[in-house]
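Scroll down for the structure; my scribbles are underneath it.
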Amino acid sequence: MNKAIKNTINCIVVDDEPLALALLSDYIARIPHLHLIEATSDPLVALDLAKTDSVDLIFLDMQMPELNGLQFLKILQKRCLVIVTTAYSQYALDGYEHHVVDYLLKPITLDRFIMAVEKAEERFNGMLQKHKIAAAPAPALSQHIFVKTDYRIVKINLDDIYYLEGARDYVIINTVAGQVLTLQSMKSLEELLPANLFVRVHKSYIVALNKISFIARSRVSVNGHLLPISDTFKDKLFEFVKP
């Protein structure tokens with residue numbers, strides 16, 4: 001998604017129900033940093049708008065004539081963020097496989113709408129931050145970290161790390177050469193590791209992105225080990241591994 005740096009999130013609503021269009025348009029009007037570009041019952045109109053790169057967020061109904069929500073998502077190809085709005089819960093899993101921001105079941109209340117928008121804002125701001133980082137000159141990055149273990153400070157090359165595992169008061173750093181046990185916290189180690197090379201997938205696991213073999217059913221395979229992915233960190237992981 002190639003978006004200019006800005007504070008306003010441009011939205012469109014796609015729904016074949018006039019009442020749903022009116023309700024969501026009203027909700028959007030109540031949020032100062034949301035700007036409604038179009039509220040339409042025609043998904044083809046919405047797709048044309050999305051191709052112009054002026055749309056940041058789509059509120060998408062799943063049950064529509066001519067083109068349903070899943071078909072829309074496939075054609076959209078992640079050009080912008082999507083919040084699904086529907087009366088049918090069976091589409092939730094398919095929607096999340098397309099990395100939708102949230103899934104709102106009708107009737108949609110204002111408080112639930114605001115929660116979904118906050119999720120979209122978080123992801124949107126994350127993309128803007130990545131854009132800023134990509135545009136800035138890249139600083140020289142260290143190729144190693146130093147960690148405390150027993151009575152020594154050990155140097156570990158970043159490329160040798162498979163994953164980090166929290167174990168009560170310790171953190172186990174799994175490397176090519178074996179395991180390194182340290183009393184440093186997961187949070188302090190996460191801050192040491194480059195964010196473009198390592199990602200937290202669970203409160204107890206941080207993995208090296210270049211050591212991931214595959215992801216399946218909320219598990220990530222690293223060096224032959226299947227590690228859990230929690231809902232808290234799922235979105236962040238998929239930002240790095242989008243196909």
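What pairs can you find where one residue is in the range 222-243 and more than 15 Å from LYS119 (Cβ to Cβ), the other is in a helix (DSSP H, G or I) and not hydroxyl-bearing (Ser, Thr, Tyr), and their Cβ atoms are less than 7 Å apart, with a gap of 6+ or different chains?
Close Cβ pairs (under 7 Å, with a partner that is in a helix (DSSP H, G or I) and not hydroxyl-bearing (Ser, Thr, Tyr)) amount to VAL222/LYS211; ASN223/LYS211; ILE229/LEU237; PHE240/LEU209.
Could you please tell me which pairs satisfy a Cβ distance under 9 Å, a separation of 6+ or placement on different chains, a first residue in the range 29-50 that is under 19 Å from LEU70 (Cβ atoms), and a second residue that is in a helix (DSSP H, G or I) and of a type outside the set (A, V, I, L, M)?
From residues that are under 19 Å from LEU70 (Cβ atoms), the pairs are SER41/PRO18; PRO43/GLY69; PRO43/GLN71; PRO43/PHE72; ALA46/PHE72; LEU47/PHE72.
Cβ contacts < 8 Å: first residue within 17 Å of ALA195 (Cα to Cα), restricted to the range 141-156; second residue charged (D, E, K, R), any location; separation 6+ or different chain. Result?
GLN143/ASP159; HIS144/LYS155; ILE145/LYS155; PHE146/LYS155
Only residues that are modelled with pLDDT of 95 or more and either small (Gly, Ala, Ser) or open to solvent by 20 Å² or more (accessible area, probe 1.4 Å) (or both): list them for the range 161-170, please. I'd like the intermediate steps shown before the answer.
Going through the range 161-170, the residues modelled with pLDDT of 95 or more turn out to be 161-165.
Of everything in the range 161-170, those that are modelled with pLDDT of 95 or more and either small (Gly, Ala, Ser) or open to solvent by 20 Å² or more (accessible area, probe 1.4 Å) (or both) turn out to be TYR162, GLU165.
Does the range 171-188 include one or more residues that are modelled with pLDDT under 95, open to solvent by 50 Å² or more (accessible area, probe 1.4 Å), hydroxyl-bearing (Ser, Thr, Tyr) and assigned to a loop (DSSP other than H, G, I, E, B)?
Looking through the range 171-188, at least one residue is modelled with pLDDT under 95, open to solvent by 50 Å² or more (accessible area, probe 1.4 Å), hydroxyl-bearing (Ser, Thr, Tyr) and assigned to a loop (DSSP other than H, G, I, E, B).
Of all the residues that make up the range 192-243, how many are open to solvent by less than 70 Å² (accessible area, probe 1.4 Å), among the aromatic types (Phe, Trp, Tyr) and closer than 23 Å to ASP159 by Cβ?
Looking only at that region, the number is 3.
Are there any helices (runs of 4 or more DSSP H) wholly within the range 7-114 with 2 or more residues that are open to solvent by less than 10 Å² (accessible area, probe 1.4 Å) and farther than 25 Å from SER218 by Cα, and if so which?
18-30, 43-51
The values are calculated or read from the model by the stated rules, or taken from the named source; none is laboratory data. Nothing here was measured: the structure is a model prediction, and the numbers come from that model. With ideal geometry, Cβ positions are generated from the backbone for all residues, glycine too; neighbour counts draw on all protein chains shown. Remember, those area values only see protein heavy atoms, side chains included, never the ligands or the DNA or RNA. Shrake-Rupley method; radii C 1.70, N 1.55, O 1.52, S 1.80 Å.
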